[in-house]
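S.K.: Here it is, the structure in full.
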Amino acid sequence: MPIPRNYLEKLYAGVLGKCIGIRIGAPVEPTVWTYERIRKTYGEISSYVRDYRLFAADDDFNGPAFFIRALVDYGKDGDITAADIGKAFLNYTREEKGFHWWGGYGRSTEHTAYLNLASGMEAPESGSMATNGAAIAEQIGGQIFVDTWGLVFPADVGKAAYYGGMAASVSHDGNGLYGGRFIAAAISRAFETDDVAAILDAAQSVIPADSEYARVVRAVIEFHRGNPSDFRACMDYLTAGFGYDRYPGVCHIIPNAGVCILSLLYGEGDLSRTVEIATMCGWDTDCNAGNVGTIIGVAGGLEGVADRYRLPMNDFFACSSIAGSLNIVDLPTFSKQMALLGLRFNHESGTETEAEKSDRAGLEAYLEASTGYRELHFDFTLSGSTHGFRTDSNALTLKNVRLESGGALEILVDRLPRGSGSGVFFKPFYRREDFDDERYSPAFSPLVHPGQTMKMRVNCERWGGSPLAVIPYARETHGKRILEGAAFELAPGIWTDIEYVLPDTDGASIDEIGIKVEVLTDERCLGKIFIKDFSVTGKARYAVDFAKQRAEFATITPGVANRGFWNLEGDSLLGMSVGRAEFYAGNYYSRDIRFSTTVTPLAGDGHGILFRAKGAMMGYAVVLASPGRIAFLRNDHGLAVVEEKPFAWHAGGTYVLAVEAVGQRLRVSAGGSAIFDIVDGSFGNGMYGFCRTRRGRCLFGRIEVEELSEGR
């Protein structure tokens, strides 16, 4: 299919719409917030009903962000199955922590499907009515996690519906599955038109006309024809004919599908009004506002995204997967990654003109060059984008601007005094203190580390007052120490290239990187600074000192605990389990590394380290297995022993385990002696960390990490 014009911009607007809908609806999601109570408390909603320093993770974004990764992990041949999406579900979900609602088997649809999958059942059986019954199969989750399938298959309603339904089938069936097809199709069609009626017509075409889902869609459309201006009258009609009392389970899809149609129609193509109406209607507010936010976000483009909703988000959203570095979501970068997926899985067709082929090739080349994975690349090209930059001073104001040389971050300097230490920075790591709540337990691993190089181009306009200088810096999160580089005096109208190698932090994580703005005389400055082409690249070399970590978000910084019990004990990390348990750290996209740590078994066996772990279901491990043995394991949706050797270890002893993984060459030493030298190309990147494979208890010590170049 030809890729729509402005594909990236529309996709980004859809992502913003999704996040706005989630954020406006989340505070009134609990069932105590009835339609009547929302109306009495907030009346006509026209802004966020709650201010957040930072909004924590939400299942409505976790699902779209991570189930789509089945295309990345299993779509090498250009196609995937429901079983593949089920694998992604298991791989990225932190068991019984965050990600989605863990409401119990037979009560929470996603919890039920997860346990089905974990028991060895494959999708779509894991979500079928035959397995779980109609009530579980037809809850709302069938449609709230499918937005990205519409985003990566733009203007291809049939394909979007196919994959949206397939994704829904992992945990849902019947009307739950139809909801996945309907929402994905609506998003796909929105790339071609902003006509809500046309979008709804396309979405209706991909579900059975005799389904209950189709019936509620038709009923709301018909009511709107006769009552086009009063959404509350429509809500009364919907409650009477399709209310929660008529359907089983905690959060059935049909009443909420009705709210989605209602808000789309009465919102009349206005993103703000659409998500406001979806929120005012109650029921599953963040789910409904999130879905319609994506649809109208795509349809209206960036011009339709109001600043009052966009600016507080500041291009940041948190997730709560098993991979801590993937949980820090920079929305422009995420949108670029989704667009690149869209280009790769929507192959050129014979109907494309030469101009369309050229546009596709140009966009793909741009995305390949500017989309960050292991590295950060922020070009501020997308209109209004900030990439999450912020300031700690009311004398500095940030916004996106378009210059002749491209996009940039503009910093208004408004009578800044000397010695203020004012910063403009990006946060590559987050702590519990940054958030107002713990929705869905996000957990993070840093995006950047000591040894990497921060680069940017900086310019200024000076309208009056003192000359300006900027000082590149990083902040380590344990003691909040500011680590500064050399100052760069700015000459108005001239771009200054700034480079700064992120300094050693002695085992602490970096949670801010950016510049300090300084005036050079006692005269206050008035003017502007511009930043463009911001990046963090290169190989890292750093340590993780557990004496400088904290217990937060049901894990230990700077990683993500999955299963078992993990806690700090002195300057070590304690791991305890009756079976499999893991602690994941490092960047998901790290490739060639050398790392070492100490392992002190206290009881039992199965004490080990992880590397190139791509989630709970993929990666390598080396474990002190049964007494006197050490084993190299491959986890490819199930642990398998690659090689096992004698190694004398005992409870209470401390052993240094070290790994060097370069390309397909995987070398392991234990206690200073080479143990394994294995060639295996199953996994080319992933996190490192610790694991437990059997009953026992163990201490893990300081981690030393060095990223390598292949061939070293």
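S.K.: Can you pull the three principal axis extents for the Cα set of segment 83-143, in Å, largest first?
M.R.: Result, largest extent first: 26, 22, 22 Å.
S.K.: Under 15 Å from the 7 Å Cα→Cβ point of Glu569, by amide nitrogen: which residues of segment 604-636?
M.R.: 604-608, by backbone N distance to the label point.
S.K.: Sticking with this structure for a sec: Students often get this wrong: which residues of segment 588-621 have the backbone nitrogen under 14 Å from the point 7 angstrom along Cα-to-C-beta of Glu644?
M.R.: 605-607
S.K.: A further question on this structure: Please report, to two decimal places, log10 I(q)/I(0) for segment 390-542 at q = 0.11 Å⁻¹ as given by the Debye formula with identical point scatterers on the Cα atoms and no solvent.
M.R.: -0.45
S.K.: Let me ask something else about it. For segment 14-158, with equal point scatterers placed on the C-alpha atoms only and solvent neglected, what are the log10 I(q)/I(0) values from the Debye formula at q = 0.15, 0.16 1/Å, to two decimals?
M.R.: Values, matching the q order: -0.89, -0.99.
S.K.: Separation between the Val578 and Ser420 pseudo-spin-labels, each 7 Å from Cα along Cα→Cβ, expressed in nm?
M.R.: Label at Val578, label at Ser420, 5.8 nm between them.
S.K.: How big is segment 672-712 by the Kirkwood estimate over distinct Cα pairs, in Å? Working shown, then result.
M.R.: Numbers: mean 1/r = 0.0709 Å⁻¹.
Hydrodynamic radius (Kirkwood, Cα pairs) of segment 672-712 is 14.1 Å.
S.K.: Let me know the Rg and Dmax you get for segment 214-304 when you use only its Cα atoms, in Å.
M.R.: In order Rg, Dmax, the Cα atoms of segment 214-304 give 12.4, 40 Å.
S.K.: Any idea which of Thr371, Val641, Pro428 is furthest toward the positive side of the dipole for the chain, if Lys and Arg beta-carbons carry +1 and Asp and Glu beta-carbons -1?
M.R.: Value: Val641.
S.K.: Alpha carbon centre of segment 164-183 versus segment 526-591: separation in Å?
M.R.: 35
S.K.: Relative contact order for segment 277-433: what percent, with Cα pairs under 8 Å and sequence separation of 6 or more?
M.R.: Details: 148 pairs, mean separation 25.8, N = 157.
Contact order relative to length: 16 percent.
S.K.: Contour minus end-to-end for Ile494 and Asp434, with contour as 0.36 nm per residue of separation and end-to-end as the Cα-Cα distance? Could the numbers behind the result be given before it?
M.R.: Working: separation 60, 0.36 × 60 = 21.60 nm, distance 3.59 nm.
Net length gain for the segment: 18.0 nm.
S.K.: If I stretch the segment between Thr397 and Arg39 completely, what's the gain in nm (0.36 nm per residue apart, minus their alpha carbon distance), one decimal?
M.R.: On the way: separation 358, 0.36 × 358 = 128.88 nm, distance 3.53 nm.
Net length gain for the segment: 125.3 nm.
S.K.: In addition: If I histogram all Cα-Cα distances within segment 319-457 using bins 5 Å wide from 0, what percent of pairs lands in each bin?
M.R.: The distribution over segment 319-457 is 2, 8, 13, 16, 17, 16, 11, 7, 4, 2, 1, 0, 0, given as percents.
S.K.: Report the far tail of the P(r) of segment 563-707, meaning the percent of Cα-Cα pairs longer than 23 Å.
M.R.: Details: 2510 of 10440 pairs.
Of all Cα-Cα pairs in segment 563-707, 24 percent lie more than 23 Å apart.
S.K.: If only Cα atoms are counted, what is the Rg of segment 1-43, and what is its Dmax, in Å?
M.R.: Cα only, segment 1-43: 16.4, 48 Å (Rg, Dmax).
S.K.: Which value at 222 nm does the chain reach when only helices count, each DSSP H run of 4 or more adding -39,500 (n - 2.57), with the total divided by all residues and rounded to the nearest 500 deg cm²/dmol?
M.R.: Helix contribution divided over all residues of the chain: -9500 deg cm²/dmol.
S.K.: Can you check what the net charge comes to around Ile38, using other residues whose Cβ is under 14 Å from the Cβ of Ile38 (Lys, Arg +1; Asp, Glu -1)?
M.R.: Around Ile38, the charge tally is -1.
S.K.: Points 7 angstrom from Cα along the Cβ direction at Lys76 and Arg665: gap in nanometres?
M.R.: Each label point lies 7 Å from its Cα, and together they span 2.2 nm.
S.K.: Treat each spin label as a single point 7 Å out from the Cα along the C-beta direction, and report the Val250 to Leu412 distance in nm.
M.R.: Result for the modelled spin labels: 4.5 nm.
S.K.: Find the all-direction average of the projected area of the Cα convex hull for the chain, expressing the result in square nanometres with one decimal place. Mind showing how you got there, number by number?
M.R.: Values: hull surface 124.5 nm².
Taking the Cα atoms of the chain, their convex hull projects to 31.1 nm² on average.
S.K.: Go through Lys399/Lys480; Lys87/Lys336; Lys399/Lys528; Lys18/Lys532; Lys336/Lys357; Lys87/Lys645 and tell me which ones have a Cα-Cα distance over 21 Å in this structure. Numbers along the way, then the final one.
M.R.: Details: Lys399/Lys480 26 Å; Lys87/Lys336 24 Å; Lys399/Lys528 11 Å; Lys18/Lys532 27 Å; Lys336/Lys357 19 Å; Lys87/Lys645 31 Å.
The pairs that break the limit, which is 21 Å between Cα atoms, are Lys399/Lys480; Lys87/Lys336; Lys18/Lys532; Lys87/Lys645.
S.K.: For segment 595-665, list log₁₀ I(q)/I(0) at each q in 0.12 Å⁻¹, using the Debye formula over Cα point scatterers of equal strength and ignoring solvent, two decimals each.
M.R.: -0.31
S.K.: Also, quick follow-up: For Ala540, what is the net charge nearby, where nearby means another residue's Cβ is under 11 Å from its Cβ and Lys, Arg count +1, Asp, Glu -1? Don't jump to the answer; show the numbers that get you there.
M.R.: Numbers: positive: Arg374, Lys539, Arg541; negative: Glu375, Asp504, Glu706, Glu707.
It works out to a net charge of -1.
Readers should treat all values here as calculations from the given coordinates under stated rules, not as data from a laboratory. This one's a predicted model, so the numbers in the text were calculated from it and none came from an experiment. When we count neighbours, we look across all protein chains shown, and the Cβ atoms used for this are built from the backbone with ideal geometry, even at glycine.
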